[in-house]
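Read through the structure below, which is laid out as structure tokens, and then see the notes.
Bear in mind that the values in this text are calculations on the coordinates, not laboratory data. This one's a predicted model, so the numbers in the text were calculated from it and none came from an experiment. Using ideal geometry, Cβ is built from the backbone for each residue, glycine included, and neighbour counts are taken over all protein chains shown.
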Ligand code: EPU
């Protein structure tokens, strides 16, 4: 089986586990206080691209995916697909995959690098009626169980066994059923993707209630429909799938990354003079733009762009994260950075991952005034943050520290920066093009 993964990603992770050998840890050095202006373009959506790539396992025929972002998480997914036997070719943002003959076992060494690798379970079960994938562990943002995914697979007739750290799924046949994917914290995005990808090749009708409504689920459903699947209701809390005997190859472009776009919106609100973010879908960002409007920021919302012009000090706000279309948990940390310098008392409540506040203690080292009460952080805006050495703990926390560093007085050094390369394509180059002064150096 030919595998062409000629190029490591431009920003391969700075950890010793890379297949290109050990690499030194990198840090970001940010000189704060430079106002941002100009235009920035977000990449393809990471959280849409990962399940789309996994979905190519559902057919023996070639698939072509465009606008795939150049991120370490994407590279891990391509490595997993190659391991499973798929031919993978990547040229710039286009990935071609042909999964003619595949294995159904993905080992811990590959899967442990990225929690989202769990979304190969659905397509493997759908196509091969079996899968053995290492059980993902928790991470700094929370416990991250997959009980709802497994509930969905069982409803379709799969036997589920956890053994020696692996999830093993097996079914003699998959039969459509009703399944409810609502959990204690709302629905599950990757769980909905997984059950959807298994159900498209099940016999009969599957009704997924409590489905995640995120745009990333809609993008996956659109790709599956191009492959020949029969799906209705994606983007609502009820998805109905009429199983088909087989799927064929298809070509698709990944939607723009709404969280990367939202991160630039927050950067512009916090440190911008006049910043335009293009190639985005403003309808995916309503909760974020509403929050920025409430916080007193002036946004000009176009068809596929948003412009943020500085209009002086903002106002404090209350934010509660919710599943889509509510305010995204993946924007919570970045908003905390903005509110840290917004005069008055703001509150941010995390309803999706109640422990996702690792960025707060780092921001406090930069002079933020914030304290946690359960899953709520109460932030009293200060006039000025001061630069400090800080440590990135996860993807969005890293983005928040970059935003804080843009505004802080002095030079902020952010270590463990490989986290940001998991989900932001060349964030340093993109912000530097807006006038920021960020340098990537060896730690
Ligand atoms: N949950 C369960 N049981 C399950 C699955 C989830 O209790 O079986 C809980 C989770 O613990 C959490 C909530 O349900 O409290 C929502 O989790 P969800 O399953 O929706 O998260 P996910 O699908 O694993 C995706 C994104 C995350 C994003 C969340 C929520 C990908 C690859 N990841 O994760 O993105 O925060 O949805 O929107 O799509 C990020 O990009 O930084 C990131 C963490």
- [ ] Would you check if there is a residue in the range 184-202 being over 19 Å from the mean Cα position of the chain (by Cα), touching a residue at least 12 places away in the same chain (Cβ under 8 Å) and under 30 Å from residue 350 (Cα atoms)?
- [x] no
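For the structure I just gave you, tell me whether residue 396 is more than 29 Å from residue 283 (Cβ to Cβ) and either in contact with a strand residue (DSSP E or B) (Cβ under 8 Å, 6 or more places away or on another chain) or within 15 Å of the ligand (Cβ to nearest atom) (or both).
On the way: more than 29 Å from residue 283 (Cβ to Cβ): no; either in contact with a strand residue (DSSP E or B) (Cβ under 8 Å, 6 or more places away or on another chain) or within 15 Å of the ligand (Cβ to nearest atom) (or both): yes.
So residue 396 fails the test.
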TODO: Sort out which residues of the range 144-157 are assigned to a loop (DSSP other than H, G, I, E, B), out of contact with any helix residue (DSSP H, G or I) (no Cβ under 6 Å at 6 or more places or on another chain) and more than 6 Å from the ligand (Cβ to nearest atom), and write them in order of number.
DONE: 157
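Hand me the list of strands (runs of 3 or more DSSP E) wholly inside the range 184-254 holding 2 or more residues that are in contact with a helix residue (DSSP H, G or I) (Cβ under 7 Å, 6 or more places away or on another chain) and more than 14 Å from residue 53 (Cα to Cα).
On the way: elements: 205-209, 230-232, 238-242, 251-253.
Once the strands (runs of 3 or more DSSP E) in the range 184-254 are filtered for at least 2 residues that are in contact with a helix residue (DSSP H, G or I) (Cβ under 7 Å, 6 or more places away or on another chain) and more than 14 Å from residue 53 (Cα to Cα), what remains is 205-209, 238-242.
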TODO: Scan the range 132-143 and give yes if some residue there is within 16 Å of the ligand (Cβ to nearest atom), without any contact (Cβ under 8 Å) to a residue 40 or more places away in the chain, in contact with a strand residue (DSSP E or B) (Cβ under 8 Å, 6 or more places away or on another chain) and part of a helix (DSSP H, G or I), otherwise no.
DONE: no
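Looking at this structure, is residue 89 more than 24 Å from residue 421 (Cα to Cα), away from the ligand (no atom under 16 Å from the Cβ) and either touching a helix residue (DSSP H, G or I) at 6+ places or on another chain (Cβ under 7 Å) or not in a helix (DSSP H, G or I) (or both)? First the steps, then the outcome.
Numbers: more than 24 Å from residue 421 (Cα to Cα): no; away from the ligand (no atom under 16 Å from the Cβ): yes; either touching a helix residue (DSSP H, G or I) at 6+ places or on another chain (Cβ under 7 Å) or not in a helix (DSSP H, G or I) (or both): yes.
No, not satisfied.
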Open item on the list: Checking the structure you have, find out if any residue of the range 109-122 is over 21 Å from residue 356 (Cβ atoms) and away from the ligand (no atom under 14 Å from the Cβ).
Closed with: yes
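Among the listed residues 435, 405, identify the single one that is outside any helix (DSSP H, G or I) and within 26 Å of residue 39 (Cβ to Cβ). Write out each step before concluding.
Values: 405 fails: outside any helix (DSSP H, G or I).
Testing whether each residue is outside any helix (DSSP H, G or I) and within 26 Å of residue 39 (Cβ to Cβ) leaves just 435.
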